[in-house]
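Participant: The structure is given below, and queries will be raised subsequently.
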Amino acid sequence: MKKWLSAVLACVLGSLAFFIVSATTEEKEVVLSPVAPPAIEKELPSAPPAESFLSVPLSITAAEAERLLGNALGNPLYNVKGQKLDDSYGESAADVLVERTGPVSVSLENGRARVTLPFRFESLVRWKGNILGISSSTKQEIFGGGRIRLEVKPTIDRDWKIRLAGSLAVEWKEKPAVTILGQKVGIARFLSSILEERSGDLLRRAEEEINRSARLKERAREQWESLNAPIPLTDSPRLVLSVRPLDVAMPPFAAKGGILSAHIALRCLLTVSSGTPEGAAPPRPLPELSSMPPGLDPGVLLNLDASVSYRALEEFLSGRPLDPLDLPGGGRVSVGKISLFGSGEKLAAAAEISGTAPFGAPLKGTVYLTGKPVYSKEDQVLRVQGVDFDEDSTRGLMRMASWIVRPILAKEIGETLVFPLGELREKALASLGEAVRGRQVSDEVTMDGTVGFLELERFSLAGEGIRLSFSMGGTVSLKYTGKKEGKN
């Protein structure tokens with residue numbers, strides 16, 4: 001016991017003598033220039049970025065479809081001269097005029113669109129023939145009316161054109177007939193067959209009007225190319241979001257509950273990078289619309305790859321300088337620029353320091369500290385744990401009693417190496433949310449949706465910075481409003 005106390009006392013007295021000698025002898029400036037720990041030189045290949053998937057429902061109500069088809073199916077519905085009729089009773093031909101007499105009605109149920117429109121029929125019929133050996137001829141104006149029913153199944157082809165496949169049926173309210181030798185001969189069946197044969201003309205007219213109004217391919221190309229522009233996220237560190245679209249797919253339309261809907265699926269790559277964005281690369285051409293199985297739920301599944309350079313993190317630290325540190329024994333040290341780089345699995349910091357060591361010895365130079373970066377999901381920050389000086393820096397600080405600086409500097413600099421990702425997350429959520437919320441895709445189509453979560457999945461150190469991978473989910477929808485922007 002006495003020997004142990006004697007050893008402790010000798011150590012304390014030796015240290016005290018060292019301090020006294022240091023304080024009473026000529027002060028000599030200590031310049032710290034340790035060897036830097038090895039930096040990451042060989043850039044490891046990054047994992048291929050995970051693809052993001054957006055399934056966006058596009059819908060149109062029955063009322064909006066009625067307005068579109070009302071514009072498409074204007075008068076006359078059918079107008080032809082010299083239409084040949086039935087030759088059973090002789091030679092006959094007619095000038096036929098069919099006009100719509102009321103609004104279009106649309107029902108969207110059971111996977112099909114049922115279109116009904118009232119019509120009036122007017123015709124000048126010319127007939128000549130031989131009945132019971134009696135030659136006769138006539139020219140008569142006849143009239144009729146009823147409803148035309150179209151059953152339509154809309155699709156979108158690979159060239160982004162809306163196609164309407166369907167059939168036509170006629171319900172007569174007033175059946176037209178020709179009076180020949182005092183006998184009425186009904187021609188409703190013949191006229192119905194004529195209209196049914198010409199149903200393709202009506203559907204093509206509807207297709208042309210709808211495609212002219214929708215301009216689907218043109219608008220899809222505009223949105224596709226707009227995705228190529230980088231989206232600024234944060235100023236400190238300076239980060240931008242880039243979207244690289246890959247392809248677009250669409251399943252068949254579904255008609256149910258008065259709504260016609262389908263999902264537009266976008267497959268893309270999302271990346272976040274630091275620094276000043278370079279000029280946008282030429283976008284890939286809008287691809288053909290590919291098919292997609294029915295029954296997929298709408299939503300968003302995004303995988304966001306971010307690369308934050310060490311320079312961007314250094315700019316972030318420069319905006320939060322450390323106050324000068326007071327040391328035991330009267331010393332005072334200031335920390336200047338902090339440079340960062342990866343060293344194995346650790347983040348290394350090169351800190352420029354200056355000031356005076358305890359008892360007045362001038363001190364300046366660079367020291368190196370290392371620690372392991374970890375992510376706190378609760379605080380949404382990336383911090384560095386176990387920060388301490390590397391071996392060569394520790395040996396330099398041992399001179400002139402500067403070893404006292406070691407724990408204080410390590411603690412203060414370690415507490416500085418905290419990089420909040422919450423702002424990056426919120427800005428990414430906000431930017432992506434704004435991109436899908438209440439956005440006017442075209443004069444008559446709006447996008448609405450929410451971005452629900454954005455979580456950091458993994459990160460790693462690289463030669464130029466830190467790689468981060470996020471995943472995100474939410475919902476998005478497109479709605480045909482039927483109103484021009486800025487108009488009621």
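Participant: Residues of segment 150-168 being surrounded by 19 or more Cβ atoms within 10 Å (Cβ to Cβ) and part of a loop (DSSP other than H, G, I, E, B), which ones?
Facilitator: Correct list: W160 only.
Participant: Sticking with this structure for a sec: Condition first: over 30 Å from G145 (Cβ atoms), in a helix (DSSP H, G or I) and at pLDDT 80 or above. Can you find one or more residues in segment 195-213 that meet it?
Facilitator: Yes, that holds for at least one residue.
Participant: Just checking, does segment 359-366 include any residue being at pLDDT 85 or above and closer than 27 Å to L239 by Cβ?
Facilitator: No, every residue in segment 359-366 fails to be at pLDDT 85 or above and closer than 27 Å to L239 by Cβ.
Participant: In this structure, does A462 turn out to be at pLDDT 70 or above and in the same structural domain as P230 (by TED's automatic domain parsing)?
Facilitator: Working: at pLDDT 70 or above: yes; in the same structural domain as P230 (by TED's automatic domain parsing): yes.
Spelling it out, A462 is indeed at pLDDT 70 or above and in the same structural domain as P230 (by TED's automatic domain parsing).
Participant: Now for a different question. I'd like the full set of residues that are touching a residue at least 24 places away in the same chain (Cβ under 8 Å), of a type outside the set (A, V, I, L, M) and out of contact with any Phe, Trp or Tyr (no Cβ under 9 Å at 6 or more places or on another chain), limited to segment 344-372. Reasoning before the result, please.
Facilitator: Narrowing segment 344-372 to residues touching a residue at least 24 places away in the same chain (Cβ under 8 Å): 344-351, 353, 355-372.
When the remaining residues are screened for being of a type outside the set (A, V, I, L, M), the result is 344-346, 355-356, 358-360, 362, 364-366, 368, 370-372.
Selection gives G344, E345, K346, G355, T356, G360, P362, K364, G365, T366, G371, K372.
Participant: Determine which member of the set I142, I148 is farther than 21 Å from S213 by Cα, in contact with a Phe, Trp or Tyr (Cβ under 6 Å, 6 or more places away or on another chain) and among the β-branched types (V, I, T).
Facilitator: One residue alone meets the criteria, I148.
The values are calculated or read from the model by the stated rules, or taken from the named source; none is laboratory data. The structure presented is a predicted model; accordingly, all values stated were derived computationally and were not measured. Note that we place each Cβ from the backbone using ideal geometry, even for glycine, and neighbour counts take in every protein chain shown.
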